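The structure is given below, and queries will be raised subsequently.
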Amino acid sequence: MKAGRTGLDLVAVRRDLHRHPELSMKEKRTASVVEAALRRMSLKPRRCAGTGVLADIAGGSPGPTLLLRADMDALPVQEIPGRSYGSMNPGVMHACGHDGHTACLLGAAERLAARPPERGRVRLAFQPGEEGADGARAMVADGALGAPVPAAAMGLHLWVNLPAGKIAVLDGPCMAAVDWFEIRIRGRGGHAAYPHDAVDPVVVAAEVVTALQTLVSRRTDPRDSVVVTVGRLQAGTAFNIIPGEAVLEGTVRTYREATRRRTAREMKRLATGIARAHGAAAAVDYEFQLPPTVNDPRLAALVRESAAEVVGRRNVVSAEPSMGGEDVGVLFGRNPGAFAFVGCRNRKRGIVHEHHHEAFDIDEAALPLGRDLLEATARSFLAHV
Ligand SMILES: [Zn+2]
Ligand SMILES: [Zn+2]
C-alpha cells in the first residue's frame, strides 16, 4: 500500500483485504490495516466496539458533522479457486464487497485529510460485524454517534445488480428491516401407525408454513412489500414415529414499521390459532433485529448531485429497493441518512455473481467512483447544509 502524492492504490488495498478476509467482529488484521493507513494520513484513529475504527477529520471552522461508514467483515464462504488475489483464509471470503467499501472510505479519508473541508467535520466509521453480528449497534453503544453528534450519515454498497460506472441513490426505503422468528409446535408423539392416539405436530407445522404466506397475500396491502420465509423446518427422528415437536425458523422482511409490527402480531395469532385448532400448542418467538434502511429524500438528492459530478448525470440511475438487510440504518440513528448503490457488475469479464456467492467479485473500476462519491458528498454536505 502506497500513500503519498500518488495517493492510495485502491486496487492494492482492496486485494490485500480480499486475501485476508475476517469474519464478523474478528476483523483484527483489517482494523490494524485501517488504523495504520489513517495514521499515515496524520489522523488519530480510535478503536470502537473492539474491531471497529473511528477517526474524525475536522474542517477549518465549526459546522455539522457527517458520518461516512464502510463495513469491513467477510463471510463464511469458500471462494472459488484460481484468483491471484483469492482468499488465503480457508472458508472465509469477502463475498459481499466490504473489502471494496473499506478501500473506498480509506481513499476518501486520504483526500479529505489532505484538504480538509472549510467547515464542519467528517467522522469516518469503519464498521465491524455487518453480516448479522450487529456491528453498527455495537459501534453506537461505544460512542460512534457521540459528540460532536453527527447531523447525518452516508454509506455505500458496491452493487452487482448495477453495471460498473452507474450509481443509484433511492428515495425512501432501499433495504428491508430484518426480523427473526421461531415457532415451536408441541403435539403428542406416538406410533406412525396410530395417529389417532397422537397429536401430530408435523401436520400442524405444514399447515402453519402454508398459512404464514397469507400474511403476505391476504394481510398486506398489495402495494406494500413483505417477505416471510421459513428457512428451517425440523421434526422427528424416524419414518415410523410421530414426533412430539416440530420447529420452524425463519425471517420476515419489511419496509414499514407498521407492517412489521402487524406481521409479527398476526404471525403469533395465526400459529397459536392453528395449533389450538388441532389440539396442539404453538410458542412463537419473534425478534425485531434490524431497522429498514430508509433514505432521507433531501440527503439522497444531495448524494445524487454528488454522484452526477463523479459519473455524469446520465449514469445516475434508478434501482430497485432490496429486501436484503443492512445495519447502516442503525448508524443513521434519528438523523437523515443515505445509502448509495455503486455498480460493480461487468458482464464481459464474468463479474455477475450475486453477493454472498462463492464466485462474487467486483469490477475494481468501481473503487475510485465509490471513493469520489464519498468525498464529493462530504464536501457538498459540509458546504451547503
Ligand atoms: Zn452481505
Ligand atoms: Zn454487504
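Would you work out which of V317, H278, V228 lies farthest towards the positive end of the dipole of the chain, given +1 charges on the beta-carbon of Lys and Arg and -1 on that of Asp and Glu, about the Cα centre?
V317
Another question, if that's okay. Please compute the modelled spin-label separation between D224 and V317, points set 7 Å along Cα→Cβ, answer in nm with one decimal.
My value for the distance between the label points is 3.1 nm.
Just how many % of Cα pairs in the stretch 151-212 lie over 15 Å apart, if you round to the nearest whole percent?
72 percent
Can you list the lysines whose alpha carbon is less than 25 Å from that of K44, not counting same-chain residues fewer than 8 positions off?
Straight-distance partners of K44: K2, K26, K28.
Which order do the peptides 27-34, 218-225, 322-329 come out in when sorted by mean C-beta neighbours inside 10 angstrom, highest first? Please list the in-between numbers first.
Values: 27-34: 20.4, 218-225: 11.5, 322-329: 21.9.
Averaged packing, sorted descending, gives the order 322-329, 27-34, 218-225.
Let me ask something additional. Is it possible to state the helix-based mean residue ellipticity at 222 nm for the chain, with each DSSP H run of 4+ residues giving -39500 (n - 2.57), the sum divided by total residues, to the nearest 500 deg cm²/dmol? What is it?
-10000 deg cm²/dmol
How do 275-284, 373-382 rank on mean C-beta neighbours within 10 Å, highest first? Each step should come with its number before you reach the end.
Details: 275-284: 17.2, 373-382: 24.5.
In descending order of packing, they fall as 373-382, 275-284.
Right, here's the next one. What percentage of all Cα-Cα pairs in the stretch 105-152 are separated by more than 14 Å?
So the portion of pairs separated by more than 14 Å is 59 percent.
Sticking with this one: How high is the relative contact order of the chain? Use alpha-carbon pairs under 8 Å, at least six apart in sequence, and give a whole percent. The partial results should precede the final answer.
Numbers: 921 pairs, mean separation 90.8, N = 385.
Over the chain, the number comes to 24 percent.
Nearest 10 degrees, 0 to 90: what angle lies between the long axis of helix 201-212 and the longest principal axis of the chain (Cα atoms)?
50 degrees
Ok, one more. Given P64, N89, M25, which one lies farthest toward the positive end of the charge dipole of the stretch 1-130, if we put +1 on the Cβ of every Lys and Arg and -1 on the Cβ of every Asp and Glu?
Checking the options against the dipole of the stretch 1-130, the answer is P64.
Note down the relative contact order for the stretch 244-347 as a percent, whole number, built from C-alpha pairs under 8 angstrom at least six residues apart. Mind showing how you got there, number by number?
Values: 63 pairs, mean separation 30.7, N = 104.
So the answer I get is 29 percent.
If one puts a single equal scatterer on every Cα of the stretch 1-106 and applies the Debye formula without solvent, what log₁₀ I(q)/I(0) results at q = 0.17, 0.24 Å⁻¹?
-0.80, -1.36
Of all alpha-carbon pairs in the stretch 238-369, indicate the percentage at a distance above 27 angstrom.
Values: 4009 of 8646 pairs.
When every Cα pair of the stretch 238-369 is considered, 46 percent fall beyond 27 Å.
Suppose every Lys and Arg Cβ carries +1 and every Asp and Glu Cβ carries -1, with no other charges. What dipole size does the stretch 1-137 come out with about its Cα centre, to the nearest 20 debye? If you can, show how the numbers build up before the last one.
Numbers: 21 positive and 15 negative charges, 123 e Å.
The calculated dipole for the stretch 1-137 is roughly 600 debye.
Mind pulling up the Rg/Rh value for the chain? Radius of gyration and Kirkwood radius, both on Cα.
With Rg and the Kirkwood Rh in hand, the quotient comes to 1.05.
Then there is this: If I build a Gaussian network model for the chain, linking alpha-carbon pairs within less than 10 angstrom, which residue out of R123, R47, R137 has the largest mean-square fluctuation?
Per the Cα network of the chain with a 10 Å cutoff, R47 tops the list.
With both bridge residues required to lie in the chain, what share of the DSSP beta bridges run antiparallel, to the nearest 5%?
Around 65 percent of the beta bridges assigned by DSSP in the chain are antiparallel ones.
Calculate log10 I(q)/I(0) of the stretch 127-281 for q = 0.11, 0.12, 0.16 Å⁻¹, where I(q) comes from the Debye formula with a single equal point scatterer on each Cα and nothing for solvent.
-0.64, -0.72, -0.98
Same structure again: Give me the lysines in straight-line cross-link reach of K166: C-alpha distance below 18 Å, same-chain residues under 8 apart excluded.
Cross-link targets: K348.
Follow-up question, since we're still on this one. Report, to two decimal places, the Cα Rg of the stretch 242-318 normalised by 2.2 N^0.38 Å (N = number of residues).
My calculation over the Cα atoms of the stretch 242-318 gives 1.87.
Something else about it: With just the Cα atoms defining each centre, how far is the stretch 85-149 from the stretch 229-300? Give it in Å.
Between the Cα centre of the stretch 85-149 and that of the stretch 229-300, the gap is 32 Å.
Another question, then. Relative to the present Cα-Cα distance, how much length would full extension add between H353 and Q289 at 0.36 nm per residue of separation?
20.3 nm
To two decimal places, what compactness ratio does the stretch 48-207 give when its Cα radius of gyration is scaled by 2.2 N^0.38 Å?
Expressed relative to 2.2 N^0.38 Å, the Cα Rg reads 1.54.
Bear in mind that the values in this text are calculations on the coordinates, not laboratory data. Every value quoted in this text rests on a predicted model; they were computed, and no experiment measured them. With ideal geometry, Cβ positions are generated from the backbone for all residues, glycine too; neighbour counts draw on all protein chains shown.
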